Each structure stands twice: as structure tokens, then as C-alpha cells.
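Let me begin by presenting the structure, written as C-alpha cells, before commenting on it.
Nothing in this text is a laboratory measurement; each read-out follows from the coordinates by a stated rule. Since the structure is predicted, the reported quantities are computational estimates derived from the model, not experimental observations. Positions of Cβ are generated from backbone atoms using ideal geometry, with glycine treated the same way; all protein chains shown enter the neighbour counts.
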Amino acid sequence: MVRDQIERRGITDTRLLDVLRAVPRHLFVPTAQQQWAYSDGALRIEAGQTISQPYIVALMTDALGLQGHERVLEVGTGSGYQAAVLAQLCTQVYSIERHAALSLAAGKTLTALGIENIHLHIGDGTLGLPQYASFDAIVVTAAAPKVPPALLDQLADGGKLVIPVGARYQQVLELWQRQGEQRKSHRISAVAFVPLIGEQGWKT
């Protein structure tokens, strides 16, 4: 998976590549789909959600440029795979999910793996977790029609936000960075994610 899908597409961060080799992706997908866990594509999980394609997980994580000291917010826990990857690359991960069943299942998997620096929350991810802000990095694993202002407000100075933005079924992955009171952005790649539902995202 790492050699053929990720390194060959230009991801070179050795820390990230080592983590992707180490995290057992098959434990984060439904049993019936475990044979495809390391294939080059997204997979359906419960509640109509998905576990992202391995390359997209790598691309989004790489864009954050994590050095190891950061506090990271993840919007959309899903199966917990992205959080498990982030947890090996930073100090603390705060992950919020609107589907309680998904959050609880992810928590069981993460606990079984002995990962202790992930804090799971259930709620509206478009509003972030202001009580724990600010964050050095934010990664959003669902697509918004526009960047939720609440998430930009929760970025620390110099912090980065990676988020898919666009129409319901086709988006562009964007990287935002806060510099004082300014927020600058650029586009990374065309993507397709499930919708980000919430007060500052899609309504349904």
C-alpha cells in the first residue's frame, strides 16, 4: 500500500510513511471488507460514511506538516483510522463525530491498539471544539460547501486547516493557514467526500 499507492504519488515524509506502514488499517473497516482494507480506494463503513482512500489520508496528513508537538482537531472520526495515524505524529488528537455509534466503535478499536492520546467527542463537527481551542492543525474528513468560520477561528497562529470544499459530490481539497488575523489558502487536489453535516456545513 505505502510503496505502490503513496510513495509513488510523491509522499516522501519518512515519519508519515512509517506510521502508515505500522497502523493496521484492516482493523478500522467492517469485517466483510477487510480483504480490501489496503486497496487503492475508499470503503463504506457504518452510518453511510467512508474510510478514505489510503493516499488521501496520506495527502491530507502530509499537508499539515506535523512535527510532533502539535494539538490536532479532527472533524469526522469515522472508523478512527485517520485519528490513529495523526496520533503517532503529534501530541494530542481531539476528534469529533456526529454519529455516536461510530465514535463508540472507533474508541473500542483505538483502545484495543493502546492508543491513548486521542480524545473522542460526539457533536456537530462544523462547530469544532472551542472549549479545547486553539489547535495547531485541523483536518476535516467530510466535504463542506464552504469553510466553517468556527474552524478557522479555532486555529492557532500559524496553524493549518485541511478541508474538502465544494459541491455535494465533487470538491477540491484546500489548505488554509492562519497568520495573525489573516487566513491564506491554496488548492491541493480534486476529491470526493461524504457531506459535512451541521450548522456551518450541509444541513442534511
| What number, rounded to the nearest 500 deg cm²/dmol, is the helix-based mean residue ellipticity at 222 nm of the chain, given -39500 (n - 2.57) per DSSP H run of at least four residues and division by all its residues? | -6000 deg cm²/dmol
| task | Using 0.36 nm per residue of separation minus the Cα-Cα distance, give me the extension gain between residue 8 and residue 33 in nm, one decimal. | result | 6.5 nm
| request: Normalising by the residue count of the stretch 2-191, find the relative contact order in percent from Cα pairs under 8 Å and 6+ residues apart. | output: 15 percent
| So how much slack lies between residue 170 and residue 47, counting 0.36 nm per residue of separation and subtracting their Cα-Cα distance, in nm? | 42.2 nm
| said: Need the list of lysines near residue 146 for cross-linking: C-alpha distance under 24 angstrom, and skip anything on the same chain fewer than eight residues off. | reply: 160, 184, 203
| Projected label distance in nm at residue 40 and residue 113, using a 7 Å step from Cα toward the beta-carbon | 2.4 nm
| query | Between rounded, prolate and oblate, where does the stretch 106-162 land on the alpha carbon gyration tensor, with a ≥ b ≥ c its root eigenvalues, rounded for a/c under 1.5, else prolate if a/b exceeds b/c? | reply | prolate
| said: Based only on Cα atoms, what mean projected area does the convex hull of the stretch 2-191 have, in nm²? | reply: 9.9 nm²
| field | GNM top mover of 78, 159, 65 - the chain, alpha-carbon springs below 10 Å | value | 65
| field | For residue 159, distant residues with modelled amide H under 5 Å away | value | 178
| the stretch 57-160 shape via C-alpha gyration tensor axes, a/c threshold 1.5 | oblate
| Which longest run of the chain has no exposed loop site in it, a site being trypsin sites (Lys or Arg not before Pro) in a DSSP loop with at most 16 other beta carbons within 10 Å, and the site itself not part of the run? | 1-145
| For residue 186 and residue 121 in one chain, what is 0.36 nm times their gap in residues minus the Cα-Cα distance, to one decimal in nm? | 20.5 nm
| remark: Rounded to one decimal in nm, the spacing of the 7 Å Cα→Cβ label points at residue 1 and residue 204 is 3.6 nm
